[in-house]
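Nothing in this text is a laboratory measurement; each read-out follows from the coordinates by a stated rule. For clarity, every value in this text was computed on a predicted model and none was experimentally measured. Cβ: placed from backbone, ideal geometry, glycine included. Neighbour counts: every protein chain shown.
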Amino acid sequence: MKIEVNPKETSRAEAFSLWMSSPMPMVTLTKTLNVGRLLKKSKKSGVKFNTLFCWCIAKAATQIDEFYLLPEQGKLFRYNRLAVNVIVNNIKGGINSCDIPFTDNLKGFLHEYDTLTEKVSTECKSSFLEDYMIVGTSAM
């Protein structure tokens, strides 16, 4: 669910004014991370590295208020849920987009990730979630 908020009452007031003149309001964060411990955890647990990495990114995003804000059609909205977007190779050799709802429960997230990406891969049809703020991860 999303609700409209007054941009001037948020920490993103200045950014909002810049977003309104942008053709595609998006913030890109670049950071070099040491993922060695996560890679070990992935190998030890048998869980795909990308799945664990997406969960960690979304988990970190839940702790940053600005990740829940998005301008749309001249207004600023606050979402109450996050999802992670991943790019999925489909069975026809192409790619599709897939939104995975975030949950603090790692096992629940792993199940959703596997189920949704498999469906997108086999159906060759992108899957988008409404009423979720989407954290994009296509360049990971």
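Some notes on this structure:
- Inter-part distance where the range 55-69 and the range 101-120 are each reduced to a Cα centre, Å: 17 Å
- Neighbourhood net charge (14 Å Cβ-Cβ; Lys/Arg +1, Asp/Glu -1) for Gln73: 0
- In sequence order, the range 34-46 has phi-based couplings of 8, 9, x, 5, 5, 5, 4, 4, 4, 5, 5, 8, x Hz under the Karplus curve 6.51 cos²θ - 1.76 cosθ + 1.60, θ = phi - 60°, and Gly or Pro positions carry x.
- Under-5 Å amide H pairs with Asn85, H placed in peptide plane, nonlocal only: Ile100, Val135, Gly136, Thr137
- Note, ³J(HN,Hα) from phi for the range 121-136, Karplus 6.51, -1.76, 1.60, rounded to Hz, x at Gly and Pro: 4, 7, 8, 6, 9, 5, 10, 10, 9, 8, 6, 10, 7, 9, 9, x
- Near Leu76, the amide H atoms lying under 5 Å from its own belong to Val5; only residues 5 or more places off or on other chains count, and H is placed 1.01 Å from N.
- Helix 49-61 axis, angle to the chain major axis (alpha carbon atoms, nearest 10°): 20 degrees
- Interchain or long-range residues, amide H under 5 Å from Ile95's placed H: Asn90
- Restricting attention to the range 23-140, close to 70% of DSSP beta bridges with both partner residues there are antiparallel.
- For the chain, the residue among Ser42, Ser126, Pro71 whose Cα projects farthest onto the positive side of the dipole built from Cβ charges is Ser42.
- Among the listed pairs Lys92/Lys125; Lys59/Lys119; Lys43/Lys107; Lys41/Lys107, those whose Cα-Cα separation exceeds 20 Å are Lys59/Lys119.
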